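For reference, the structure discussed in these notes is given below.
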Amino acid sequence: MNRILTALQPSGILHIGNLFGAIEPMVGLQSDENENLLFAVDYHAITVPQKPAELRRNILFAAATYLSVGIDPAKTILFQQSRVSEHTELAWVLNCISHMGELERMTQFKDKSQGKDLSVSVGLFAYPILMAADILLYDTNIVPVGADQKQHVELARDLAERFNNRFGETFVVPVPQIRKEGARIMSLDDPEKKMSKSAESEKSYISIMDDEATVMKKIKSAMTDSKSTIEYDEKRKGLANLLTIYSLVTGKHVNQVVSEYEGKGYGDFKVGLAGAVSAYLSPLQEKIKGYLESEDALIKILDEGAQRAQVIASKKMELVRKKIGVQL
Ligand code: ADP
Ligand code: TRP
């Protein structure tokens, strides 16, 4: 049996990069042979300032989205990170075996702290350690993430090995699983950058709640190039990204999409893509709204998930306390 685990920050509206890079792969990995865990990392979210009411809404929205995409709480332990206090407890222990130098090298920290000098939070710096705790608490074998998170999973591997060497066999060393297609959906207004919800311009990403008109507007203004043919060429980054999105929302191979647009130009292609994206998103949006209408039911699912997660996490934490010598 493999234990597969991933998590997402409930830090705002999700975009299609999150959907295809992180949530959908978890749906595909649900099977009787795996034990899956998926959670909203609310304590990661507060590494940057959050408005409490908004954070609460985002947590519920994240849960509603996972369920709508096809996460089945009977097959996947679905919960909220802050409800299982062992995450922060283990993070503290791991803080004490982590090196400043290895955290300073993390590209996400470098990106997110850029221009913020010393006012950047300690939490943002220590963020990958909490993520390592998330993973190691559950004897996780496989961590499906987008390409940008690989470095963090590697830190979790290093910390697991370091702890095991120092205190004896305790943690399973996890392996990142990077999805190739959709692993890195690029920004619409700058195909050199990944699509990100923390981007300055709303035009750079497609939110999973965007309506038809918004999707059309964003795709029409997506950056492409001055060539006129629709073909897959990695050097034509903007178009390659749009073709990838087309393929993901329709389930068609990129080559098939290319052949459908033979002899046509960007105008037709963009209209077709916008239609395909909306056709994919609108049933999903209906489901999400449905879940959000019954908040109590949603909270109950998350509570049950937290209880199941805690059974595993508390055993691991007991072992950790014994290993480091604080358990009398
Ligand atoms: P964001 O950069 O939008 O804030 P997060 O860092 O919260 O996104 O990422 C949440 C999950 O979605 C992670 O597993 C991450 O790898 C994945 N992800 C984020 N952006 C993309 C993207 N552009 N393409 C594919 N996957 C992505
Ligand atoms: N850091 C991840 C991100 O921003 C989210 C995350 C937190 C995570 N804990 C995790 C992902 C554990 C996988 C496993 O996307």
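Can you give the Kirkwood hydrodynamic radius for the stretch 202-289, in Å, rounded to one decimal and based on Cα pairs?
Mean inverse Cα-Cα distance, inverted, gives 13.3 Å.
Counting pairs of alpha carbon atoms under 8 Å apart in space and at least six apart in sequence, what relative contact order in percent does the chain give?
Relative contact order here is 22 percent.
Can you give me the distance in nm between label points at residue 13 and residue 34, each placed 7 Å from the Cα along the Cα-to-Cβ direction?
Computed distance between label sites residue 13 and residue 34 equals 2.9 nm.
Check each of the chymotrypsin sites (Phe, Trp or Tyr not before Pro) in the stretch 163-252 and keep only those in coil by DSSP with at most 16 other C-beta atoms within 10 angstrom; list them in order.
Answer in residue order: 232.
In terms of modelled amide H atoms, which long-range or inter-chain residues lie less than 5 Å from the amide H of residue 177?
143, 145
Could you give the length gained on full extension between residue 262 and residue 27, defined as 0.36 nm per residue of separation minus the Cα-Cα distance, in nm?
This chain segment gains 81.3 nm when fully extended.
Against the globular-protein guess of 2.2 N^0.38 Å, express the Cα radius of gyration of the stretch 93-202 as a ratio, rounded to two decimals.
For the stretch 93-202, the normalised Cα radius of gyration is 1.18.
Estimate the FRET efficiency between residue 228 and residue 289 by the formula 1/(1 + (r/R0)^6), using the beta-carbon distance for r and 30 Å for R0, to the nearest 0.05.
Efficiency, from the Cβ-Cβ distance: 0.15.
Run lengths n ≥ 4 of DSSP H only: what is the helix-derived mean residue ellipticity at 222 nm for the chain, with -39500 (n - 2.57) per run over all residues, to the nearest 500?
-16500 deg cm²/dmol
Order by neighbour count: 210, 158, 111, 32, fewest other Cβ atoms within 10 Å first, most last.
With the fewest neighbours first, 210, 158, 111, 32 line up as 32, 111, 158, 210.
Taking a label point 7 Å from the Cα of residue 54 along the Cα→Cβ vector, which residues of the stretch 195-231 have an amide N closer than 12 Å to it?
Inside the label zone: 198.
List the residues of the stretch 1-35 whose backbone N lies under 20 Å from a point placed 7 Å from the Cα of residue 121 along the Cα-to-Cβ direction.
7-14
For residue 300 and residue 326 in one chain, what is 0.36 nm times their gap in residues minus the Cα-Cα distance, to one decimal in nm?
Roughly 5.9 nm would be gained on extension.
Which shape class, rounded, prolate or oblate, goes with the stretch 269-328 when its Cα gyration tensor gives a ≥ b ≥ c as root eigenvalues, a/c under 1.5 marks rounded, and past that a/b bigger than b/c marks prolate?
oblate
Between residue 164 and residue 108, what is the FRET efficiency for a Förster distance of 25 Å, r being their Cβ-Cβ separation, to the nearest 0.05?
Efficiency, from the Cβ-Cβ distance: 0.50.
Please figure out what share of the DSSP beta bridges in the chain is antiparallel and state it in percent, rounded to the nearest 5.
10
How would you rank 272-282, 4-14, 212-222, highest first, on the average number of other Cβ atoms within 10 Å across their residues?
4-14, 272-282, 212-222
Checking the a/c ratio against 1.5 first, then a/b against b/c, what shape does the Cα gyration tensor give for the stretch 191-236?
oblate
Place +1 on the Cβ of every Lys and Arg and -1 on the Cβ of every Asp and Glu in the chain, take the dipole about the Cα centre, and give the residue among 26, 84, 59 whose Cα lies farthest towards its positive end.
Highest projection toward the positive end goes to 84.
Determine how many Å³ per residue the convex hull of the Cα atoms of the stretch 1-120 encloses.
It comes to 140 Å³ per residue, whole-number rounded.
Suppose every Lys and Arg Cβ carries +1 and every Asp and Glu Cβ carries -1, with no other charges. What dipole size does the chain come out with about its Cα centre, to the nearest 20 debye?
Dipole size: approximately 440 debye.
Leaving out same-chain residues fewer than 8 places away, which aspartates and glutamates sit with a Cα under 20 Å from that of residue 197?
Candidates past the 8-residue exclusion: 24, 42, 54, 111, 148, 181, 189, 210, 211, 212.
On a full-extension model of 0.36 nm per residue, what is the gain between residue 255 and residue 96, subtracting their alpha-carbon distance, rounded to one decimal in nm?
Taking 0.36 nm per residue and subtracting the Cα distance, the gain is 52.2 nm.
Around residue 36, which amide H atoms from residues at least 5 apart in sequence, or from another chain, sit under 5 Å from its own amide H, with H modelled in the peptide plane?
Under 5 Å from the amide H of residue 36 lie the amide H atoms of 4, 77, each far enough along the sequence or on another chain.
Considering just Cα atoms, how many Å³ per residue does the convex hull of the chain enclose?
144
Read the figures in this text as sums done on the coordinates, not as results from a lab. These numbers were taken from a predicted model, which means no experiment stands behind them. Cβ sites come from the backbone with ideal geometry, for glycine too, and all protein chains shown count toward neighbours.
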